1. Is there any pair linking a residue in segment 100-122 that is under 18 Å from residue 132 (Cβ atoms) to one that is modelled with pLDDT under 95, with Cβ under 9 Å and at least six apart or on different chains, and which?
2. Residue 180: buried (at least 16 other Cβ atoms within 10 Å of the Cβ), more than 19 Å from residue 69 (Cβ to Cβ), touching a residue at least 60 places away in the same chain (Cβ under 8 Å) and touching a strand residue (DSSP E or B) at 6+ places or on another chain (Cβ under 7 Å), yes or no?
3. So which of 52, 118 ends up being exposed (fewer than 13 other Cβ atoms within 10 Å of the Cβ), out of contact with any helix residue (DSSP H, G or I) (no Cβ under 9 Å at 6 or more places or on another chain) and over 30 Å from residue 193 (Cα atoms)?
4. Do any residues in segment 54-70 that are farther than 18 Å from residue 159 by Cβ have Cβ atoms under 7 Å from those of residues that are part of a helix (DSSP H, G or I) and modelled with pLDDT of 95 or more, where the two are at least six apart or on different chains, and which pairs are they?
5. Out of segment 15-49, which residues are surrounded by 15 or more Cβ atoms within 10 Å (Cβ to Cβ) and at positive phi?
6. Determine if segment 137-151 includes at least one residue that is free of Cβ contacts under 8 Å to residues at least 24 places away in the same chain and under 20 Å from residue 54 (Cα atoms).
7. Kindly establish whether residue 81 is closer than 20 Å to residue 40 by Cβ and under 17 Å from the mean Cα position of the chain (by Cα).
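The values are calculated or read from the model by the stated rules, or taken from the named source; none is laboratory data. Since this is a predicted model, take the numbers as computed values, not measurements. All Cβ positions, even for glycine, are placed from backbone atoms using ideal geometry, and neighbour counts span all protein chains on display.
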């Protein structure tokens, strides 16, 4: 059921980068399952989904990750922590895996998807491995945006975390030889009533400066 324009804007205006989470307030299982599904539903270029999302449940691991995050308290205090990782490369087997999945879900013969596969292979092949990883990493930010927007609509607070030492995260998560690298993290939960940033006016440029109609 679509929400009203007023409700959407109210939810987005309510959202902010939460600095202080209530460590006693936990996201319910049903709500968290919806959050995870929102990540799965994130759009991506060609539908390739060049990412993997790691939900960090282990308190000890979160303590270690905090040390790789300039000791930002959100890493420990938030109800949930998600680390969003990008494919280190985009190889032929990655493309094959997607084409097979697409055909399976949509009931399309693989031969009919050959032109799409050729297009993706050509696009990917025109880039270096480093460029492909950078492209994959940019795709991850689509998922981050969807994650925070979905959380806001459900009344769940979030804070994107780019102030992290990605190689340190990779080591702690055991990402070596997995084909993934840390891109960004996001803490989710419920704000403390004493977080002064919750009541701060949202500072944005005027719409006329940000949006142009041609």
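1. Taking only residues 6 or more apart or on different chains, the pairs are 117/110.
2. Details: buried (at least 16 other Cβ atoms within 10 Å of the Cβ): yes; more than 19 Å from residue 69 (Cβ to Cβ): no; touching a residue at least 60 places away in the same chain (Cβ under 8 Å): yes; touching a strand residue (DSSP E or B) at 6+ places or on another chain (Cβ under 7 Å): yes.
For residue 180, the condition - buried (at least 16 other Cβ atoms within 10 Å of the Cβ), more than 19 Å from residue 69 (Cβ to Cβ), touching a residue at least 60 places away in the same chain (Cβ under 8 Å) and touching a strand residue (DSSP E or B) at 6+ places or on another chain (Cβ under 7 Å) - is not met.
3. One residue alone meets the criteria, 118.
4. Cβ pairs passing all conditions: 61/172; 64/172.
5. 46, 49 - these are the residues of segment 15-49 that are surrounded by 15 or more Cβ atoms within 10 Å (Cβ to Cβ) and at positive phi.
6. Taking every residue of segment 137-151 in turn, at least one turns out to be free of Cβ contacts under 8 Å to residues at least 24 places away in the same chain and under 20 Å from residue 54 (Cα atoms).
7. Yes.
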